[in-house]
Structures are given as C-alpha cells and as structure tokens.
Amino acid sequence: MIAIHCLNGPNLNLLGRREPSIYGAATLAEIERSLQDHAARLDIALTFRQTNHEGELVTFVQEAGAAGAGVLINAAAYT
C-alpha cells in the first residue's frame, strides 16, 4: 500500500466558510472525505494534516519523510 501525507497550510481550515464565492462551498473535511474514498479504491493510505503555523508544516513534512510516505502539499498562503 502506498502512503501519502496530504498537508494543508494556512487558512484552508476555513474552506466552505471564508469567501465561498471565491474558494467554493466545500469544506476541508468534505474534500478529505472525497480524496479518502478515491484513494481507497487505489489502495492508497492517506493521512491529512492542516496547520496555520509554518514550523508545524515543516514538522509534518519531516514526519512524512520519516514514515517513508509521499507528500502532497497545498501550501496555501505560503505560496
């Protein structure tokens, strides 16, 4: 089984509430459920993390590396 850590940066916890006319009405939890459903069909294990703190995001990347997992990152405001 492939392991992938999906890491989300600042303000993504506000999806669905913050300016839905720009960012959409789906919440981060809804997006995660959709990805989880798709990943299960492909035998992929997803781990989701979100933070508004840069240092914590770096820690998440390091934890994924230590676990031998791939990383999918939406750096959000850090881009």
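Read the figures in this text as sums done on the coordinates, not as results from a lab. These figures come from a predicted structure and were not determined experimentally. Because the Cβ atoms are built from the backbone with ideal geometry, glycine has one as well, and the counts that use them run over all protein chains shown.
The longest part of the chain holding none of the exposed loop trypsin sites (Lys or Arg not before Pro), meaning those outside H, G, I, E and B in DSSP with at most 12 other Cβ atoms within 10 Å, is 19-79.
At a threshold of 8 angstrom on Cα-Cα distance, excluding pairs fewer than six apart, so keeping six or more, what relative contact order does the chain reach in percent?
Details: 115 pairs, mean separation 42.3, N = 79.
Dividing the mean separation by the residue count of the chain yields 53 percent.
Here the Karplus curve 6.51 cos²θ - 1.76 cosθ + 1.60, taken at θ = phi - 60°, turns the phi angles of region 33-47 into couplings of 4, 5, 5, 4, 4, 5, 4, 4, 5, 9, 6, 10, 9, 9, 10 Hz, with x standing for Gly and Pro. Other residues lying with their Cβ under 15 Å from the Cβ of ILE73 contribute a combined charge of -3, Lys and Arg counting +1, Asp and Glu -1. Shape annotation for region 1-64: C-alpha extents along the principal axes are 37, 30, 12 Å, from largest to smallest. Between THR59, THR47, THR27, the GNM of the chain built on Cα springs shorter than 10 angstrom shows THR59 fluctuating the most.
Remark: region 2-78 carries a charge dipole of roughly 120 debye about the Cα centre, counting +1 on each Lys and Arg Cβ and -1 on each Asp and Glu Cβ.
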